[in-house]
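The values are calculated or read from the model by the stated rules, or taken from the named source; none is laboratory data. Computed from a predicted structure; not experimentally measured. Here the Cβ positions follow ideal geometry from the backbone for every residue, glycine too, while neighbour counts run over all protein chains shown.
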Amino acid sequence: MSRNARLAFLGVAVAILVVAFLALRPSSDDPETTADAPTATATATTSNPDVREETPTPTETPTPKPTVDPGPLLTGSKVVKLRFDKGDTVRFRVLAPKDEEVHIHGYDIKKDVKGGETENISFKATIDGIFEIEFEDSATQIGELRVDP
């Protein structure tokens with residue numbers, strides 16, 4: 001056999017091997033190569049059968065509680081207009097310069113507020129209309145509440 005014939009024979013043999021490899025290799029459709037195939041996992045064992053290892057319980061991430069908008073701050077420096085629909089919860093805050101009583105007319109709600117402290121006020125809007133909110137002692141209007149039907 002001549003040298004050229006041997007090289008040609010070797011080239012044909014290599015080509016056949018490459019084609020056979022490509023044809024016989026596992027494809028992504030074969031069950032042995034898919035993610036659904038079971039896999040072996042290593043398990044830790046102890047030499048003492050009476051000792052059981054506790055599986056750590058994952059710590060739960062606390063879910064933040066939703067915050068409720070406390071509403072606008074009424075200070076008496078201007079009349080703040082509040083508007084709500086009937087059935088809504090009216091929310092606002094009051095900051096008095098001195099000890100005062102806040103009065104929501106029409107609802108006849110009165111609340112004492114200490115000077116320099118912020119007081120949260122909330123109630124259900126059950127009566128529609130326009131109502132004055134004032135510092136009762138100094139007769140200063142601090143807000144106007146409008147409740148739409």
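Descriptive notes on the structure:
- Flag if Thr33 is among the β-branched types (Val, Ile, Thr), modelled with pLDDT under 60 and surrounded by 10 or more Cβ atoms within 10 Å (Cβ to Cβ): yes
Let's see how each residue does on (1) modelled with pLDDT of 95 or more; (2) of a type outside the set (Asp, Glu):
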position	(1), (2)
Pro70	no, yes
Thr75	no, yes
Lys81	yes, yes
Asp85	yes, no
Val94	yes, yes
Pro97	no, yes
His103	yes, yes
Asp108	no, no
Gly115	no, yes
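- Taken over the stretch 78-106, residues that are of a type in the set (Phe, Trp, Tyr) and farther than 9 Å from Val147 by Cβ amount to 1.
- Of the residues making up the stretch 56-114, just one is loosely packed, with under 14 Cβ neighbours inside 10 Å, of a type in the set (Gly, Ala, Ser) and more than 36 Å from the chain's Cα centre (by Cα), namely Ser77.
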